[in-house]
Amino acid sequence: MSTVQPRRWWALAVLAAAQFMVIMDTSIIGVALPEMQRDLGFSPGDLQWVFNAYVIAFGGLLLLGGRLSDLLGARRVFTAGWVVLIAGSVVAAAAQSAWVEVLGRAVQGAGGALIAPASMTLLMILFAHDPKELGKAMALYGAAAPAGGTAGVFLGGVFTEWLSWPWVFIIYVPIGLATLAATGLLPAVAPRRGGVDVLGAVTVTAGLALAVFAVVRAPETGWGSAETLLELAAAAVLLALFLVIQKKSREPLMPLGIWRVPRLGSANLAMTLLGAAWIPMWYFLNLYLQQVLGYGAFASGAALLPMTGLLMVFMTAITSRLLGRFGAKPLIGGGLLVLAAGLLWLSAVEPTGTFLVDVLPASLVAALGMSLAYIPAMMAALSGAPQEQAGLASGIVNTTYQVGSALGLAALTALATTQGADRLGDLPALTDGFSAAFLAAAGIAAAGALATFLWMRGEPRAAGADGAREEVTEKTAA
């Protein structure tokens with residue numbers, strides 16, 4: 001039996017706050033993007049790098065962050081992650097050019113990649129003594145994600161409208177310093193001996209970055225050009241090399257045997273396609289509200305609050321109960337279908353549209369689909385893993401979601417650009433570009449639903465919400 005941590009609930013508050021901030025970092029920039037584009041000289045095609053630089057660094061380094069957490073001690077890595085995140089926030093806030101802004105965002109992503117796996121390790125240590133307490137802690141920790149997304153959308157609008165866009169990064173400095181001051185609440189974890197698969201981390205991160213770079217540049221260089229094909233081929237070689245390194249290494253970042261865990265492969269595919277559909281929707285919806293409907297930054301952030309509010313309510317109060325009653329597979333597949341329906345509805349946006357007709361109902365349908373699919377997909381990926389691989393399974397599923405987000409956004413930005421999304425001021429052309437992106441995202445979500453129904457294995461049903469949590473907890477902690 002594990003030692004009971006007397007301050008575990010206070011420590012959970014610190015970890016939940018960290019999760020809140022890491023997720024907020026992906027949403028707070030949304031309504032600030034048009035202002036950043038004007039001030040820093042981003043082209044419409046390059047603007048996505050403000051998002052992608054964070055996501056690639058975050059997703060590409062998550063496995064390394066988890067390994068460092070195991071070797072150096074989770075509290076040390078958690079602390080180091082916040083130092084890195086604060087440094088990246090300062091660089092991003094002070095940027096006077098596009099490339100410096102992208103650099104700051106990449107540093108922020110690297111910090112997040114240290115914080116996220118260390119947080120999960122610390123949570124498991126704090127509550128490993130009682131599976132029921134661990135289930136409650138996981139629910140509270142999970143609720144911090146939609147809360148962070150909601151707060152990010154709103155605060156991004158507040159800061160951009162009444163202060164300036166650098167404040168979406170400055171906010172991380174005082175909060176980060178407060179979090180560092182509270183790390184004494186977290187349990188100390190002794191380091192252990194072992195090696196770090198640096199080459200594996202370099203190859204997987206470089207491969208992902210090069211793949212996204214090639215897709216982003218394809219509309220300019222041509223999809224069939226030698227330059228694009230060489231970049232994509234080099235990315236494929238790097239990712240293949242990563243797999244070879246994992247097979248040969250004594251202490252790999254990702255032991256390939258993990259993929260024998262039931263439902264891990266199908267759940268990760270679902271998470272990849274979920275990210276590839278959801279994040280582009282959020283990105284282009286922000287641009288449609290501001291560049292076509294003429295909303296200011298605050299109004300745009302406020303317009304997305306109903307969608308993010310629905311996400312938070314469903315994820316924290318309803319989805320877990322449905323998971324206990326129906327199991328993961330119907331919710332993941334059904335959620336992706338509902339998301340596809342919402343995106344298909346959004347593809348009908350008009351240059352002369354309105355929020356109440358063109359945005360609100362469709363965005364709520366899409367948010368409902370996301371809220372039904374996300375937690376069940378995460379649980380399906382984790383539930384079959386033994387204790388010694390639970391952290392790895394968590395790192396993989398977070399990585400696939402971030403990678404899907406980056407590649408989906410890159411591909412759909414390229415598509416939208418070819419359809420007119422780069423013609424600022426031309427409302428019909430902009431709308432055509434955004435509509436094409438929404439329609440393609442609907443296709444991605446529908447493909448995810450089909451793959452889930454065809455490939456994912458079912459699992460035993462629990463009696464209710466608590467039973468669902470306990471079943472998952474027992475499989476990951478027993």
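For segment 263-298, how many residues are outside any helix (DSSP H, G or I) and buried (at least 24 other Cβ atoms within 10 Å of the Cβ)?
Of the residues in that region, 1 qualify.
From the list ILE175, ILE258, exactly one residue is part of a helix (DSSP H, G or I), closer than 23 Å to VAL83 by Cα and within 23 Å of the chain's Cα centre (by Cα). Which is it?
From the options ILE175, ILE258, the qualifying one is ILE175.
Take the residues of segment 234-254 that are part of a helix (DSSP H, G or I) and among the charged types (D, E, K, R): which is nearest to the chain's Cα centre (by Cα)?
Step by step, filter segment 234-254, then rank; the result is LYS247.
So which of PRO330, PRO361 ends up being without any contact (Cβ under 8 Å) to a residue 24 or more places away in the chain, assigned by TED's automatic domain parsing to the domain that holds LEU439, at negative phi and out of contact with any Pro (no Cβ under 9 Å at 6 or more places or on another chain)?
Answer to the check: PRO361.
For segment 86-106, name all the residues that are over 16 Å from the mean Cα position of the chain (by Cα) and either within 18 Å of ILE175 (Cβ to Cβ) or not assigned by TED's automatic domain parsing to the domain that holds VAL55 (or both).
Scanning segment 86-106 gives ILE86, ALA87, GLY88, SER89, VAL90, VAL91, ALA92, ALA93, ALA94, GLY104.
Of the residues ARG67, ARG76, only one is in contact with an Asp or Glu (Cβ under 9 Å, 6 or more places away or on another chain), closer than 24 Å to VAL202 by Cα and at pLDDT 75 or above; which?
Selected residue: ARG67, the only one of ARG67, ARG76 that is in contact with an Asp or Glu (Cβ under 9 Å, 6 or more places away or on another chain), closer than 24 Å to VAL202 by Cα and at pLDDT 75 or above.
When you look at ALA446, is it under 30 Å from THR418 (Cβ atoms) and either assigned to a loop (DSSP other than H, G, I, E, B) or modelled with pLDDT of 50 or more (or both), yes or no?
Details: under 30 Å from THR418 (Cβ atoms): yes; either assigned to a loop (DSSP other than H, G, I, E, B) or modelled with pLDDT of 50 or more (or both): yes.
Here the answer is yes, as ALA446 does meet what is asked.
Yes or no, residue by residue, for (1) surrounded by 24 or more Cβ atoms within 10 Å (Cβ to Cβ); (2) in contact with a Cys (Cβ under 6 Å, 6 or more places away or on another chain); (3) modelled with pLDDT of 70 or more:
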site: VAL359; (1), (2), (3): no, no, yes
site: VAL365; (1), (2), (3): no, no, yes
site: LEU372; (1), (2), (3): yes, no, yes
site: ALA381; (1), (2), (3): yes, no, yes
site: ALA385; (1), (2), (3): no, no, no
site: ALA390; (1), (2), (3): no, no, no
site: ALA393; (1), (2), (3): no, no, yes
site: ALA406; (1), (2), (3): yes, no, yes
site: LEU409; (1), (2), (3): yes, no, yes
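Scan segment 194-233 residue by residue and report those that are in a loop (DSSP other than H, G, I, E, B), surrounded by 13 or more Cβ atoms within 10 Å (Cβ to Cβ) and free of Cβ contacts under 8 Å to residues at least 24 places away in the same chain.
TRP223, SER225, listed by residue number.
State the number of residues belonging to segment 153-192 that are without any contact (Cβ under 8 Å) to a residue 40 or more places away in the chain and not hydrophobic (A, V, I, L, M, F, W, C).
Counting residues in segment 153-192 that are without any contact (Cβ under 8 Å) to a residue 40 or more places away in the chain and not hydrophobic (A, V, I, L, M, F, W, C) gives 2.
Take segment 299-311 and flag every residue that is in a helix (DSSP H, G or I) and modelled with pLDDT of 75 or more.
ALA299, SER300, ALA302, ALA303, LEU305, PRO306, MET307, THR308, GLY309, LEU310, LEU311
Quick check, is LEU72 outside the structural domain of GLU220 (by TED's automatic domain parsing), surrounded by fewer than 24 Cβ atoms within 10 Å (Cβ to Cβ) and not acidic (Asp, Glu)?
yes
Taking interchain pairs and intrachain pairs at least six residues apart, which have beta carbon atoms under 8 angstrom, with the first residue in segment 297-326 and in contact (Cβ under 8 Å) with a residue 12 or more places away in the chain and the second basic (Lys, Arg)?
Partner pairs satisfying both residue conditions: SER320/ARG469; GLY324/ARG461; GLY324/ARG469; ARG325/ARG461; PHE326/ARG461.
Which of the residues spanning segment 235-246 are in contact with a Leu (Cβ under 6 Å, 6 or more places away or on another chain), of a type in the set (A, V, I, L, M) and over 11 Å from ALA209 (Cα atoms)?
Passing the criteria: only ILE245.
Only residues that are within 21 Å of PHE20 (Cα to Cα) and in contact with a Ser or Thr (Cβ under 7 Å, 6 or more places away or on another chain): list them for segment 311-332, please. Outline the logic, then answer.
Our first condition is that a residue be within 21 Å of PHE20 (Cα to Cα); within segment 311-332, this holds for 311-320.
Selection gives LEU311, MET312, PHE314, MET315, THR319.
I'm told ALA451 meets every condition in (1) touching a Gly at 6+ places or on another chain (Cβ under 9 Å); (2) at pLDDT below 80; (3) not hydroxyl-bearing (Ser, Thr, Tyr) except one. Can you identify the failing condition by its number?
Single failed check for ALA451: (2).
Hey, can you tell me all the residues within segment 314-332 that are surrounded by fewer than 24 Cβ atoms within 10 Å (Cβ to Cβ), touching a helix residue (DSSP H, G or I) at 6+ places or on another chain (Cβ under 8 Å) and within 30 Å of SER435 (Cα to Cα)?
Listed by number, the residues that qualify are PHE314, MET315, LYS329.
Can you say whether ALA340 is part of a helix (DSSP H, G or I) and buried (at least 22 other Cβ atoms within 10 Å of the Cβ), as far as the supplied structure shows?
Against the criterion (part of a helix (DSSP H, G or I) and buried (at least 22 other Cβ atoms within 10 Å of the Cβ)), ALA340 qualifies.
The values are calculated or read from the model by the stated rules, or taken from the named source; none is laboratory data. Owing to the predicted nature of the structure, the values given are computational and were not obtained by experimental measurement. FYI the Cβ positions are ideal-geometry reconstructions off the backbone, even for glycines, and counts take in every protein chain you see.
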